[in-house]
Amino acid sequence: MNEKLHVVNHPLVAHKMTILRDKNTSVKEFREIVSEIGMLMTYEATRDLPLTEKEIETPICKTMAPTILGKKFAVVPILRAGLGLVEGVLRMVPSARVGHIGLYRNEETLEPVKYFCKMPPDVADRDILIVDPMLATGGSAAAAIGFMKEYGCTNIKLMVLLAAPEGIERIHKEHPDVDIYCGAVDQKLNEVGYIVPGLGDAGDRIFGTK
Ligand code: PRP
Ligand code: URA
């Protein structure tokens with residue numbers, strides 16, 4: 001396994017992922033669980049955040065204790081479905097800025113089409129966590145990473161719930177510097193580019209649009 005792929009194989013994530021996969025899960029529950037998994041996976045994706053120490057006083061004595069260095073961080077959802085993961089990330093890193101990239105897949109070519117982009121002004125100085133529930137062909141994520149590199153970002157991670165082997169391979173090939181965090185690696189893509197067994201169309205299931 002490529003060292004840039006991190007599968008968060010925690011029982012809580014696996015359990016919640018099964019609820020997402022179930023076609024009978026309601027929109028409300030689906031949305032809540034996406035957010036919860038986002039929070040749990042952020043725990044892994046921020047494992048290398050740098051720490052410093054500060055002096056505090058406990059009820060017993062003064063001591064030096066670890067605190068996050070406060071390096072600049074931004075979460076970048078790929079619209080629409082990536083929005084479902086933002087709240088969970090912000091609950092773990094409340095000071096993070098949020099940049100948005102709007103992409104949709106052309107359903108015939110499966111290639112991503114950009115329709116929106118808005119970033120914090122100092123985004124080039126920030127560590128970037130791109131979030132999207134699905135890494136299928138990898139076209140959307142590869143394009144989003146490319147846009148962030150055009151902004152000058154140099155430390156970019158990608159966090160997805162489900163990944164297909166094809167998408168992982170594409171990111172490793174086009175962006176070998178990017179760490180991928182995923183909740184599970186599924187079997188394959190079907191003939192129309194959906195992840196198998198997958199969970200269906202993540203955007204439609206989060207927003208109830210189908
Ligand atoms: C879905 C998903 C990813 C993309 C993954 O978005 O949220 O962004 O497909 O597929 P890929 O790896 O083959 O590019 P979609 O284009 O359906 O748009 P939506 O989020 O607005 O539903
Ligand atoms: N986008 C989705 O929402 N689901 C898939 O299975 C593939 C791409």
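The values are calculated or read from the model by the stated rules, or taken from the named source; none is laboratory data. Every value quoted in this text rests on a predicted model; they were computed, and no experiment measured them. Reconstructed Cβ throughout: ideal geometry from the backbone, glycine too, with neighbour counts over all protein chains shown. The area values use the complete protein model at the heavy-atom level, side chains included, leaving out ligands, DNA and RNA. Shrake-Rupley method; radii C 1.70, N 1.55, O 1.52, S 1.80 Å.
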Failed item in (1) open to solvent by 70 Å² or more (accessible area, probe 1.4 Å); (2) more than 13 Å from the chain's Cα centre (by Cα), with Glu87 passing the rest: (2)
Subset of region 1-20 (residues that are charged (D, E, K, R) and open to solvent by less than 70 Å² (accessible area, probe 1.4 Å)): Lys4, Lys16
With Lys173, Lys188, Lys118 as the choices, which residue is at pLDDT 95 or above, more than 24 Å from Ala74 (Cβ to Cβ) and away from ligand 2 (no atom under 16 Å from the Cβ)? Lys173
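If a residue counts only when it is touching a Lys or Arg at 6+ places or on another chain (Cβ under 7 Å), which strands (runs of 3 or more DSSP E) contained entirely in region 96-210 have at least 2 such residues?
100-105, 127-131, 179-185
Here is a yes/no grid of residues against (1) among the polar types (S, T, N, Q); (2) assigned to a strand (DSSP E or B); (3) out of contact with any Pro (no Cβ under 6 Å at 6 or more places or on another chain); (4) modelled with pLDDT under 95:
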{"residue": "Met17", "(1), (2), (3), (4)": "no, no, yes, no"}
{"residue": "Glu29", "(1), (2), (3), (4)": "no, no, yes, no"}
{"residue": "Leu40", "(1), (2), (3), (4)": "no, no, yes, no"}
{"residue": "Asp48", "(1), (2), (3), (4)": "no, no, yes, yes"}
{"residue": "Glu55", "(1), (2), (3), (4)": "no, yes, yes, no"}
{"residue": "Pro59", "(1), (2), (3), (4)": "no, no, yes, no"}
Residue that is least open to solvent (accessible area, probe 1.4 Å) [pool: residues in region 118-134 that are more than 19 Å from Asn155 (Cβ to Cβ) and within 17 Å of the chain's Cα centre (by Cα)]: Pro133
Starting from region 148-169, keep only residues that are on the phi > 0 side of the Ramachandran plot and surrounded by fewer than 19 Cβ atoms within 10 Å (Cβ to Cβ), then list their pairs with residues that are assigned to a helix (DSSP H, G or I) and not hydroxyl-bearing (Ser, Thr, Tyr) whose Cβ atoms are within a distance under 8 Å, requiring at least 6 positions of separation or different chains. Gly152/Val123; Gly152/Ala124
Against the condition open to solvent by 10 Å² or more (accessible area, probe 1.4 Å), closer than 24 Å to Asp22 by Cβ, without any contact (Cβ under 8 Å) to a residue 40 or more places away in the chain and out of contact with any Ser or Thr (no Cβ under 9 Å at 6 or more places or on another chain), how does Lys173 come out, does it pass? no
Pairs only if they're at least six apart or on different chains, beta carbon under 6 angstrom, first in region 40-54 and open to solvent by 100 Å² or more (accessible area, probe 1.4 Å), second hydrophobic (A, V, I, L, M, F, W, C) and in a strand (DSSP E or B); list them, first residue then second. Glu53/Met64
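Output yes when any residue across region 185-199 is of a type in the set (Gly, Ala, Ser) and away from ligand 1 (no atom under 11 Å from the Cβ), and no when none is.
Looking through region 185-199, none of the residues is of a type in the set (Gly, Ala, Ser) and away from ligand 1 (no atom under 11 Å from the Cβ).
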